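The values are calculated or read from the model by the stated rules, or taken from the named source; none is laboratory data. Predicted model only: the values in this text are computed from it and were never measured. FYI the Cβ positions are ideal-geometry reconstructions off the backbone, even for glycines, and counts take in every protein chain you see. Surface accessibility is based on the protein's heavy atoms, side chains included, excluding ligands, DNA and RNA. Shrake-Rupley method; radii C 1.70, N 1.55, O 1.52, S 1.80 Å.
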Amino acid sequence: MNFNQLHYFCVLAEIEHYTQAAKLLSITQPSLTHSVKELEKELGVCLFNKQGRNVKINQFGQFVYARVLPILSELEKTKSELVTMIDPNKGTVNLSFLHSLAQKFIPTIISEFVKNEENRQINFVFNQDISEDIKEDFKENKIDIAFTSNIEEDGITSIPIIKQELFLITPLEHPLADKEEIDLSEAAQFPFVYYEEKSGLRPILDNLFKSINMEPNIAYQLADDSAVCGFVSANLGIAVVPNILGLDRFPIKVIKIKRPLYNRFIYLSFSTDKYMSPPVKKFKDFILDTYQASK
């Protein structure tokens, strides 16, 4: 049996008239008759009794109807919901991003995206995380697209879209706090509040210090930008952080790093092995068009 057979059967069961049912289904009466006969043959039972020119559903037909109708209704609902999910103007985008992008970049880019009236019914499911966990979410098909550090993994494409300048931050009463810019080697003697190994910023900082042959004295390791800033403001060390929104809310000194020159890139990442729904592709193309046009 197939979907059409069951659908035709249910319509005939409700109308109990071949000609009217065939007209409603936009098929010929012989086609409807053949379909019902094939279904009865497969089930091994007659589902209708003749009643003059009409038919009357019998007890076996009522049994099948009661079982089949909810299934067809659920299939129709599934089809309708699936159509909505892949509608480029109504679907859902599962978006992950780094904590440092939550306060300014993400609200700004979403605001720009929904300025187009066609995009206002697209639903976003947001998730803040570190790059390593975002990579795992890609593998488990939990997300569609992400703003991350570079993810070097088969099946995931990462495209650089924006730069984040790195700064040294210190407590206000720190010996380095009187400086406006600094050679990072001048900070070698001081303890650092550092990003933990799972953070996407960790290898960037490791390479930054390696480029000047410096081994940072790591006092604490954290994952979140705000936590790092909080530890520094509590006089627990100094840190190198990206230029995130809200640095000015902490009692810290923000110092420009004049050497080594280094910028952190934020990447647009997505799976190349996973089907990309039209709304996700629409958002991805918007991001690439927006930032490639601004370069």
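Tell me which residues, restricted to segment 49-77, are in a helix (DSSP H, G or I) and either under 30 Å from Phe124 (Cβ atoms) or open to solvent by 90 Å² or more (accessible area, probe 1.4 Å) (or both). Correct list: Gln59, Phe60, Gln62, Phe63, Arg67, Ile71, Ser73, Glu74, Leu75, Glu76, Lys77.
Okay, residues lined up against (1) at pLDDT 95 or above; (2) under 21 Å from Leu98 (Cβ atoms); (3) touching a helix residue (DSSP H, G or I) at 6+ places or on another chain (Cβ under 9 Å):
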| residue | (1), (2), (3) |
| --- | --- |
| Pro242 | no, yes, yes |
| Leu247 | no, yes, yes |
| Ile252 | yes, yes, yes |
| Ser271 | no, yes, yes |
| Ala293 | no, no, no |
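Within segment 78-101, if we keep just the residues that are part of a helix (DSSP H, G or I) and without any contact (Cβ under 8 Å) to a residue 60 or more places away in the chain, the residue that is most open to solvent (accessible area, probe 1.4 Å) turns out to be Lys79. Within this structure, Glu117 passes the test of being open to solvent by 10 Å² or more (accessible area, probe 1.4 Å), modelled with pLDDT under 95 and either in contact with an Asp or Glu (Cβ under 7 Å, 6 or more places away or on another chain) or not aromatic (Phe, Trp, Tyr) (or both). In the set Ile218, Ile257, Ile244, only one residue is in contact with a Leu (Cβ under 7 Å, 6 or more places away or on another chain) and among the β-branched types (Val, Ile, Thr); that residue is Ile257. The helices (runs of 4 or more DSSP H) found entirely in segment 123-241 that carry 1 or more residues being open to solvent by less than 10 Å² (accessible area, probe 1.4 Å) and within 17 Å of Ile266 (Cα to Cα) are 131-139, 202-210.
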